Amino acid sequence: MPTQPIPKKIIENKPELAVKTYNTLLVDGNTMLRVSMKDEQLSSDGRTVGGIKQFFIQLKDIMRRGKWNFQHVYVFFDGKFDGLYRQRIYSPYKANRDKEFSDETEISDYMKAFNANLERMQKYIYKKQQKKSEKNLFYEQRSVIIQGLQEIGVRVVSCDYVEADDLIAYYVKNKENNERIVIWTLDRDMTQLISDQVIVYVQPF
């Protein structure tokens, strides 16, 4: 249904009303892909493609919610060496993320140290192999997704040393005055960006 034109007298007093607003969707791409990778569906030639499929299903779903009619859609991915820039500013950032812990029983100090070192080495080898496999699969699917996004006219944003959430925050802080934003994420820290013109949609899982 077409809207009625704003009377000239009102525009003269409040010229900002004559500026049309538009809607922009900002997506935390890394988070959406990690969630999507729970789908382990295989292609006919045995490749894992569930993450690709679910990624576009979720993107389509959020684009249809609320009849936003987004004029722009951006998908943000963590850059190479993501987090390094923030860590240079604040060195304790994520310093303890991979800290290992082991149970200790009533045995000699020598055996405690020996068992701790052995367990640490086993965990390191296992995690390294597991992370390598998961990381390879993640980047394989991400590469296909980026190509697909570009084909459908969705802008892909990534910057070396910077995480996707920082890029999203930067975009919001520099948005146009007549731009309304919807952010898709799982990161509740993003709720700090909420305002009259910024909605944060935290996907429930």
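Here are a few things to note about the model shown:
- Sorted largest first by accessible area at a 1.4 angstrom probe radius, with every protein chain in place, the residues K80, K173 fall in the order K173, K80.
- For K67 and N13, the FRET efficiency from 1/(1 + (r/R0)^6), where r spans their Cβ atoms and R0 equals 22 Å, is about 0.15.
- Of the residues W184, W68, ranked by 1.4 Å probe accessible area with the largest first, the sequence reads W68, W184.
- Theoretical gain in end-to-end length, L42 to N177 [0.36 nm per residue, Cα-Cα removed]: 44.1 nm
- Nitroxide proxy distance, nm - points 7 Å out along Cα→Cβ at K53 and D187: 2.9
- Here each label is just a point 7 Å from Cα along the line to Cβ, and for Q203 and T21 those points are 2.6 nm apart.
- Computed extension length for A116-E134: 3.9 nm, one decimal, from 0.36 nm per residue of separation with the Cα-Cα distance subtracted.
- Residue ranking by accessible heavy-atom surface, 1.4 Å probe, largest first, among R65, R120 comes out as R120, R65.
The values are calculated or read from the model by the stated rules, or taken from the named source; none is laboratory data. Note that this is a predicted model, so its numbers are computed, not measured. We place every Cβ from the backbone using ideal geometry, glycine too, and count neighbours over all the protein chains shown. The accessibility values were calculated without ligands, DNA or RNA, using every heavy atom of the protein model including side chains. Shrake-Rupley method; radii C 1.70, N 1.55, O 1.52, S 1.80 Å.
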